[in-house]
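As C-alpha cells, the structure follows; a few thoughts come after it.
The values are calculated or read from the model by the stated rules, or taken from the named source; none is laboratory data. Since the structure is predicted, the reported quantities are computational estimates derived from the model, not experimental observations. Methodologically, a virtual Cβ is constructed for each residue, glycine included, from the backbone with ideal geometry; neighbour enumeration extends over all protein chains shown.
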Amino acid sequence: MKGLSGKTAIVTGGSSGIGRACVERLCTEGVSVTFSGISDVGKATEAELTAKGYSVQFLQGDMADESFCHDLVEAAVEKWAGLDFLVNNAFSFISKGVDVTREDWDRVMHAGPVAYGTMAKHAARHMLKNGGAIVNISSISAHIAQPGRWTYNSAKGAVTQLTKCMAMDLAPKIRVNAVSPAWIWTKEVEKAAIGGRERWEPVWGNFHLLRRLGDTTECAGPVAFLLSDEASFITGADIYVDGGYLTMGSEGLGENSSFVGSF
C-alpha cells in the first residue's frame, strides 16, 4: 500500500490477537513498529518477528497508566527517530451488566477510551508537524445492545464518538478513523469455545451474513489501508469489519422467517 514503507508506528496490545496481526501486517509493508502488552508475552513476539527480519520494539506496561502511555510514545520516537502512525488496540474486556462495580467501570474506561485519548494526545505532539494517521479499534458492540455488557459496550461506544472528535481536532494534519470488528477468532473468543472452532463456528457464524467468524488478519488489512495513502481522503470514518453482522436484522439469515412474499 502506498505511503507505508519507511514509516513508523505504535500498536498498543500488539502481543497477540488483532494487535499482533496489525503489527505483522505493518511490518510486511515496511513499517518499523513499537508495540505494547500488559504481560511479558510480547517478548516472545518481539523475538519471533525480529528473527524474521522485521524492525520491532516491545514495551511491557498497562495502558491505564498515563505515565506508561507517555513513555511508550517517547520510546518509539527515540527508537525510530519519529512517529507516523498510532493504532489504539489494547482494551479491557470487562463485560458486566447490573452487577457492575465502580472499580469495573474505572478499569474498562481507563484501560479503554481514556487510554486511546491519552495515547493520541502524546502521539499527536510528534505527528502534527509532518502529518500522520491514527486508527482506533472499536467493535460492533459500540453500535448495538448486548445482554450483560454495560461496561464493554459503553466503552466501545465512547471510542466511536472519540474517533470523530479526534478527527475534527487533529485535521488536517492527522487523519483519525476506526475499525469495528464483529466476532473475530482470538484467544478471548477461544476461551468460550469449549470443543473448539470446528464446533462453534457454525453456531456463531450464523450471526454474520458470511456465516463464519473473522480472522485477525482480516482486521489488519483494513487497519493498514486506513493508515496508508490509499485512504488519504478518509477521516472520521468507522469501517465495519463484521462479515455483515450489523446489516442483519431480527429475522437473522431469513431461513426461519415467515412473511408475505417468502413463499
Can you tell me which residues in the range 152-190 are out of contact with any strand residue (DSSP E or B) (no Cβ under 7 Å at 6 or more places or on another chain), buried (at least 17 other Cβ atoms within 10 Å of the Cβ), among the small types (Gly, Ala, Ser) and not in a helix (DSSP H, G or I)? none
Could you say which residue among 29, 24, 46 is under 23 Å from residue 130 (Cβ atoms), of a type in the set (Asp, Glu), surrounded by fewer than 24 Cβ atoms within 10 Å (Cβ to Cβ) and more than 13 Å from the chain's Cα centre (by Cα)? 29
So, in the range 171-204, how many residues would count as being in contact with a helix residue (DSSP H, G or I) (Cβ under 9 Å, 6 or more places away or on another chain) and free of Cβ contacts under 8 Å to residues at least 24 places away in the same chain? 8
Regarding residue 82, is this residue at positive phi and at pLDDT below 95? no
Per the list (1) at pLDDT 95 or above; (2) surrounded by 15 or more Cβ atoms within 10 Å (Cβ to Cβ), residue check on residue 232 breaks on (2)
Return yes when residue 11 is within 13 Å of the chain's Cα centre (by Cα), within 18 Å of residue 222 (Cβ to Cβ) and either buried (at least 24 other Cβ atoms within 10 Å of the Cβ) or at pLDDT 95 or above (or both) and no when it is not. yes
Check off (1) touching a strand residue (DSSP E or B) at 6+ places or on another chain (Cβ under 9 Å); (2) surrounded by fewer than 18 Cβ atoms within 10 Å (Cβ to Cβ); (3) on the phi < 0 side of the Ramachandran plot for residue 136 and give me the number that stays unchecked. (2)
Taking the range 92-151, which residues are more than 28 Å from residue 234 (Cβ to Cβ) and part of a helix (DSSP H, G or I)? 102, 103, 104, 105, 106, 107, 108, 110, 150, 151
Being among the hydrophobic types (A, V, I, L, M, F, W, C), modelled with pLDDT of 95 or more and more than 18 Å from the chain's Cα centre (by Cα): is that true of residue 64 here? no
Inter-residue pairs, beta-carbon under 6 Å, first within 17 Å of residue 114 (Cβ to Cβ) and in the range 147-170, second crowded, with 20+ Cβ neighbours inside 10 Å and of a type in the set (Val, Ile, Thr), 6+ apart: 151/94; 151/108; 155/108; 163/176; 166/176
Just wondering, is there one or more residues in the range 119-131 that are in contact (Cβ under 8 Å) with a residue 12 or more places away in the chain, under 14 Å from residue 155 (Cα atoms) and buried (at least 17 other Cβ atoms within 10 Å of the Cβ)? no
So which of 214, 221 is modelled with pLDDT of 95 or more and in contact with a strand residue (DSSP E or B) (Cβ under 6 Å, 6 or more places away or on another chain)? 214
Out of all the residues in the range 223-255, which are farther than 15 Å from residue 208 by Cβ and of a type in the set (D, E, K, R)? 229, 230, 238
The lone condition residue 67 fails out of (1) surrounded by fewer than 24 Cβ atoms within 10 Å (Cβ to Cβ); (2) closer than 30 Å to residue 145 by Cβ; (3) hydroxyl-bearing (Ser, Thr, Tyr) is (2)
By residue number, the members of the range 196-247 that are within 24 Å of residue 162 (Cα to Cα), of a type in the set (Gly, Ala, Ser), out of contact with any Leu (no Cβ under 9 Å at 6 or more places or on another chain) and not in a helix (DSSP H, G or I) are 232, 236
Please list, ordered by first then second residue, the pairs with beta carbon atoms under 7 Å, 6 or more apart or interchain, first in the range 95-110 and within 9 Å of residue 149 (Cα to Cα), second outside any loop (DSSP other than H, G, I, E, B). 95/151; 95/152; 96/104; 96/150; 96/151; 97/150
